[in-house]
Amino acid sequence: MSDSGYSDEAKLKKPTNRQSRSCRVCRLRKVKCDRVKPCHACCAHGHPSKCVYDSVPGEEETQPISQAEEIRNLRNEIKELRTRMNSKGDQQSRSRKLAELEKLFDAIRSAPAEVVDGLVGNIRADRSRIPLEYNEETRLIATSEKRLVMRSTSPWGSNGEDEEYSFNKWNSSIASDSRSSSSSGSSSASSISIDEDWCGPLSRFTSAKPMVDVFVQRFVDAFSPEVDLRSGRAGAIRAAADIRMFSPMISNAFDAVSLTFFGRSAQDPRVEAAGMKLYPKVLRSLQDALLDPERSRSESTLITVTLLLAFESIERTSTEAVVAHVKGAARLIQHRGPENHVHGVEHLFFCELRPYWVGVDLVERKPSFMAEEAWKTVPWSEGTTSKDLLHYLLDLVVDIPGLLGQHDELVAAQETQHLGKGELRVKQAKLWNSIADLTSRLLQWKRDYVDCYPGGGPVATSEPQGPDPFPVFRCYDLRTMQVIEPPPLVYPDLRLLQTMSIYCANRLILSTIDNRLEGAVTIVEKYQLACDIGRSLECYIRRAPGNMINRLAFPVRVAWEAFPAGGVEREFMVQVFELVEKRHALRLWGSAMPELSVPGSPP
């Protein structure tokens, strides 16, 4: 009886132990898991952050191996072996052999698994031609680096082929950008020794591998600075950098963007050209991912698309590139569905960049998929983060693109006279009712979240906000029509400033179709909304860490359109554009961002 009871107990425990050894995704997919976190299968499908192991109380021995820790140990092992080699004499010969190994190691980081096995096999086959005293260390290094490569790369990589694609209009734009960037990059970067067929991390730019991390760290600190919630979340790109070792596409994208940014910031054309040279390879890799039904939904693809947006704000390769990538990113978000933005890096990217996804619909003047209830609720359904006043505002703003589209249809019907006067009046009344309802909800949002803000609202102050000079905002006193210098607005935190700028910008956009006989926004109110954005710029530019200034790009462009051409207000805006381009190395601002213009918005 005792033996039988013990046997039954063991049978009950056995499935529990077996279940805890594989990650949740591999169990659901019913595939083999290598029990490393993140596992090989999750990296292969572009979802390393979704690799989660269910813990079982009292079963510590079944916990997965930390992949980051394993990679760190392997690197220490390689470093120790190199030290042993360098201490045995014949330094020049050994350094040459080590350089060959490092070259192969760099090459196979982004290669498919079968290619990795072949390259490592060739290394081991060459052992017979290496002196005996050198053979053992070389064998150990080759073995360790092969293990390191298999831990730090996914089994799929870019094949480097230039194909024609069609992922809506955006993918065609990517193919065009890839060809143009390739032609321009090859000439401007001729002085940089980078193999054209190489698609791995940019360790060949310099023999010192830590330099790559320096470039990436500079980029991450600029575009994803460590801030508190009162400045707004900014950790998406930083989180993506932590998992770049698991995806060649993400790693290559970080290399291209960080080199370009570093070169622009340091005014070093050689470094900038090196980043530009890698850019078309990243585009081709992205095209490959978009063609694959599963990889197109992966977090690797989403991260790469977002990094390309950062790249275009730095380099501005063409006047259409920024909008093309933002539109494509929004379509990719829609393609992935709201349920794929609930956890991890994907949730961070959706929430932090939601104003951009909404902004592209405002530019297109078409109904937004984000106006659906699922997109307002599902990404926050698991409590990964909580909504703040900005996201509650965006829940209202997503209705504006649909109203812009209705207005355009009504104008077209009036011009073509396809509808009768009675039907036109019905449609016009329906549009006016919708505008009045949305305006009422926007005003209610302001009363609920801004007027009662814990830190208080904006305060006008004439006190200097910094030691260095800043452009002075000038506008007109509409009562006397005299040019005045109203004091800048200072906010308790940057999150409120960003939110209020987006609020003013969208009120301005909505006012362009608000021609109601009663209740419409007056000219004075429109002018005041635009001036509030201009008066807020000094506070944000001085206090925003890194390149968070990009979050005000769309509101600033809307304010620019609201000001009269040749006026003192636009003179101030031009000075701000030039200042941001110089301080933050952002060519998008230096161009005055015409691509962010909302069609049909008169001054």
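FYI, it's all coordinate maths here, none of it is from the lab. Computed from a predicted model, the values in this text were never measured in an experiment. No Cβ is skipped: glycine too gets one built from the backbone with ideal geometry, and neighbour counts run over all protein chains shown.
For the pair residue 385 and residue 83, the difference between a 0.36 nm per residue extended length and the Cα-Cα distance amounts to 104.1 nm. Please find the FRET efficiency linking residue 542 to residue 437, where r is the Cβ-Cβ separation and R0 is fixed at 35 Å, and quote it to the nearest 0.05. For residue 542 and residue 437, the calculated efficiency is 0.40. Taking each residue as 0.36 nm, the span from residue 266 to residue 319 lengthens on full extension beyond its C-alpha to C-alpha distance by 16.7 nm.
For a Förster distance of 41 Å, can you work out the FRET efficiency between the beta-carbons of residue 525 and residue 242, rounded to the nearest 0.05? The formula returns an efficiency of 0.35 here.
Can you order the peptides 477-483, 236-242 by their average number of other Cβ atoms within 10 Å per residue, highest first? Don't skip to the end; give the middle numbers.
Values: 477-483: 9.0, 236-242: 20.6.
Per-residue mean Cβ counts within 10 Å order the peptides as 236-242, 477-483.
Among the GluC sites (Glu not before Pro) in region 279-333, those located in a DSSP loop and surrounded by at most 16 other Cβ atoms within 10 Å of their own Cβ are 294, 320. Projected label points at residue 76 and residue 428, each 7 Å from Cα along the beta carbon direction, are separated by 7.7 nanometres. For region 426-485, which chymotrypsin sites (Phe, Trp or Tyr not before Pro) are in a loop by DSSP, counting at most 14 other Cβ atoms within 10 Å? For chymotrypsin sites (Phe, Trp or Tyr not before Pro) across region 426-485 that sit outside H, G, I, E and B with at most 14 neighbouring Cβ atoms in 10 Å, the list is empty.
Rounded, prolate or oblate: which one fits region 402-441, using the alpha carbon gyration tensor with axes a ≥ b ≥ c (rounded when a/c is under 1.5, else prolate when a/b beats b/c, else oblate)? In terms of gyration-tensor shape, oblate. With R₀ set to 41 Å, the beta-carbon distance separating residue 483 from residue 518 gives a calculated FRET efficiency near 0.80.
Please rank 591, 231, fewest neighbouring Cβ atoms within 10 Å first, as an exposure proxy. Walk me through the numbers on the way to the answer.
Working: 591 15, 231 18.
Fewest-to-most ranking of 591, 231: 591, 231.
Given a cut-off of 24 Å, name the pairs among 327/366; 376/446; 30/281 whose C-alpha atoms lie farther apart than that in the structure shown.
Numbers: 327/366 12 Å; 376/446 19 Å; 30/281 34 Å.
Violating the 24 Å Cα-Cα cut-off are 30/281.
Among the GluC sites (Glu not before Pro) in region 382-432, which ones are in a DSSP loop with at most 11 other Cβ atoms within 10 Å of the Cβ? Mind listing them? For GluC sites (Glu not before Pro) across region 382-432 that sit outside H, G, I, E and B with at most 11 neighbouring Cβ atoms in 10 Å, the list reads 382. Mind running the shape call on region 419-471? Use the C-alpha gyration tensor, a ≥ b ≥ c as the square roots of the eigenvalues: rounded below 1.5 for a/c, prolate if a/b tops b/c, oblate otherwise. Oblate shape, in that a/c is at least 1.5 and b/c is the bigger or equal ratio.
Translational diffusion coefficient, Stokes-Einstein: compute it for region 408-500 using the Kirkwood radius over C-alpha pairs as Rh, at 10 °C and 1.306 mPa s, and state it as an integer in µm² s⁻¹.
Values: Rh = 17.9 Å.
Reported coefficient: 89 µm²/s.
When only alpha carbons of region 538-603 are considered, Rg and Dmax amount to 11.7, 34 Å.
Going highest first, how would you order 509-520, 395-406 by mean Cβ packing within 10 Å? All intermediate terms of the calculation are to be shown ahead of the outcome.
Values: 509-520: 16.2, 395-406: 20.7.
So the order, starting with the most tightly packed, is 395-406, 509-520.
Under the 0.36 nm per residue contour assumption, what length would be gained going from the current alpha-carbon distance of residue 468 and residue 452 to full extension? Numbers along the way, then the final one.
Details: separation 16, 0.36 × 16 = 5.76 nm, distance 3.32 nm.
The residue 468-residue 452 span can extend by a further 2.4 nm.
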